[in-house]
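As structure tokens, the structure follows; a few thoughts come after it.
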Amino acid sequence: MNRRRFLASIPLALLCAGAGQALAQVPPSAGLRALADRKSFRFGSAIDPEDVGNSIASQMYIDNVNSITPRNQLKWNATEKMPGVFSFGPADQVVGFARRNNMRVYGHTLVWYRTPDWVSAINDAETIRAAMNRHIKQVVGRYKGSIDAWDVVNEPLEYDVPDLRDCVFRRLLGDDYIRMSFDMAHEANPDAMLVLNETHLEKKSDVFEQKRVRILKIVEDLVARKTPIGAVGLQSHFRPGLDRIDPEGMGRFCAALKDMGVGVFITELDASCHFLDRGKVPTPVSYAEVFGDVITIAAERGDLKGATVWGMSEKYGELDEKDTNPGASCTKRVNLYDENNDPRSSIDGIKRAIEAM
């Protein structure tokens, strides 16, 4: 080989070597997006701006989901930290990623008890109503045409009791703040699917059955008043060793919503590791059962509008802030891929559920 040919061959050799290294880092595709598209099913994941900027992480989303939910970037604490001063840069980044990759976007969330300090400090009904209206109109209006579904009110009930949560909105506006929020969101985007999102509605316990009853009563009242509610969101954060799915209770709940013309979304499906020290460590198969069964029950008994997992790979996730067992086999919320980007059995469970639709 002469000198010219030798020098010309170096970039190609280096390029091939680099490509081999990159391919070795990319996790195997679960093929969930192709399956979901074939079934015309909305399957999504929460995402962070850091995932968009990571070539490996972003490819996992492209391969596996047709919908994404900005995890924190649309919450009130992110979009309106000061009264009337809005910031949308990180949210725009996520929405742009979805647009480039032909994905839908699910908005999370408009009205939640966790608010900036200035909102919590409001002490009269007129001011809080005006703040709600401005916030909802600005956020929903900005993404009209880009975001087609919203968690309008998030977690209106207490976590482990069936009582309406004591938040600034309810203290000043009463229980009717829920209806007001939906009406404001509908006015900002009449075409969007509007969702009431709540915890523990798919789990087994007397308290959680009471939560289902309470949510059904709230929805019944909203429907009677012609409030534009399209679905109830079942967060589905499971705690291995503590939570169990309630097939009958969850099934009845989804069927009751369907009878009222209201759908269901699985909105934040994952499994938390911080209860592993209870001596009931889940087997790999149990993750497939949890992820698959919750989707299957909702699809069979209710009008399932879509399912979203609360992250893609544990490799890029944050440590579970509630972890109480530092020696546990995992310290992050379990999703589709583990710390090594190896597929978890949750993928198999989801595949089974979507294929059965």
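The values are calculated or read from the model by the stated rules, or taken from the named source; none is laboratory data. The shown structure was predicted, so the numbers you read here are calculated from the model rather than taken from an experiment. Cβ sites come from the backbone with ideal geometry, for glycine too, and all protein chains shown count toward neighbours. Heavy atoms of the whole protein, side chains included, go into the accessibility calculation; ligands, DNA and RNA do not. Shrake-Rupley method; radii C 1.70, N 1.55, O 1.52, S 1.80 Å.
Assorted remarks:
- All positions within segment 115-147 that are of a type in the set (K, R) and either open to solvent by less than 50 Å² (accessible area, probe 1.4 Å) or within 23 Å of V95 (Cα to Cα) (or both): R134, K137, R142, K144
- Filter result for A188 (within 20 Å of the chain's Cα centre (by Cα), crowded, with 18+ Cβ neighbours inside 10 Å, over 24 Å from Q210 (Cα atoms) and among the small types (G, A, S)): no
- Qualifying residue in segment 241-254 (condition: of a type in the set (D, E, K, R), open to solvent by less than 20 Å² (accessible area, probe 1.4 Å), part of a loop (DSSP other than H, G, I, E, B) and modelled with pLDDT under 95): no
- All told, D92 falls short of being open to solvent by 10 Å² or more (accessible area, probe 1.4 Å) and either in contact with a helix residue (DSSP H, G or I) (Cβ under 7 Å, 6 or more places away or on another chain) or in contact (Cβ under 8 Å) with a residue 60 or more places away in the chain (or both).
- Some residue of segment 155-175 being in contact with a strand residue (DSSP E or B) (Cβ under 9 Å, 6 or more places away or on another chain), open to solvent by less than 10 Å² (accessible area, probe 1.4 Å), under 21 Å from A78 (Cα atoms) and in a strand (DSSP E or B): no
- Conditions (1) open to solvent by 10 Å² or more (accessible area, probe 1.4 Å); (2) not in a loop (DSSP other than H, G, I, E, B); number of the one not met by N102: (2)
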